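Readers should treat all values here as calculations from the given coordinates under stated rules, not as data from a laboratory. In this text, all values refer to a predicted model and were calculated from it rather than measured experimentally. Every residue, glycine among them, receives a Cβ derived from its backbone with ideal geometry; neighbour counts consider all protein chains shown.
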Amino acid sequence: HRLTSKSLRMRAYILLWLSVTVLATQAFLTANVWGLHNGNSKSISSTLAMSDEVEAAAAAAEAYQNSDKDGAGPSTVFDKILSGEWSSDKVYEDDEAFAFRDISPQAPTHILVIPKKRDGLTQLSNAREDQKALLGHLIYVAQEIGAKECPDGFRLVINDGKDGAQSVYHLHIHVLGGKQMGWPPG
């Protein structure tokens, strides 16, 4: 089989995503199992995890910018989940939305809500006026999941672009909860 530049980019993107997931998981376990927190300052592991996430976002932004420019961007891990090629721990599904547990949770409850059809919704800042109802539906689904999974409260997060640390260019809403969230974020 001859590998095309597009398939090589996709393989590199998947390997980068997997590497970041492993590093983030290691940092999360270090911070939570070994308790390397120093008062109000950031722990070593949370600083490393943030650095890795920022690097992953920069790589994803570059891959998106170097894609075919049709607005869809390169295929993502979410496309593989939606197609059934990759498994997921499904939490919710309807005709427009799909929700599943994050494989690298940043809180005791960490669920991603995505549109089933990307249709150019690679990031929130690319939303079109005709997608307002879909965006409202995704937020509604996210709050239903949050209320059910985290009755004491939850946070919704949408990362947008490189500076927003977006590492997958398929719009997704993070539902985070199951613990007291800190403020300010980031």
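Can you list residues from other chains, or at least 5 along the same chain, whose modelled amide H is less than 5 Å from the amide H of VAL91?
For VAL91, the qualifying residues are ALA99, PHE100, ARG101.
After finding the eigenvalues of the alpha carbon gyration tensor for segment 66-186, what semi-axes result from the square roots of 5 times each, listed largest first in whole Å? Write out the running numbers ahead of the final one.
Details: eigenvalues 105, 52, 43 Å².
Each semi-axis is the square root of five times an eigenvalue, giving 23, 16, 15 Å.
How much net charge surrounds LYS117 when only other residues with a Cβ under 10 Å from its Cβ are counted (Lys, Arg +1; Asp, Glu -1)?
On the way: positive: LYS116, ARG118; negative: ASP95, GLU96, ASP119.
Taking every other residue near LYS117 into account, the sum is -1.
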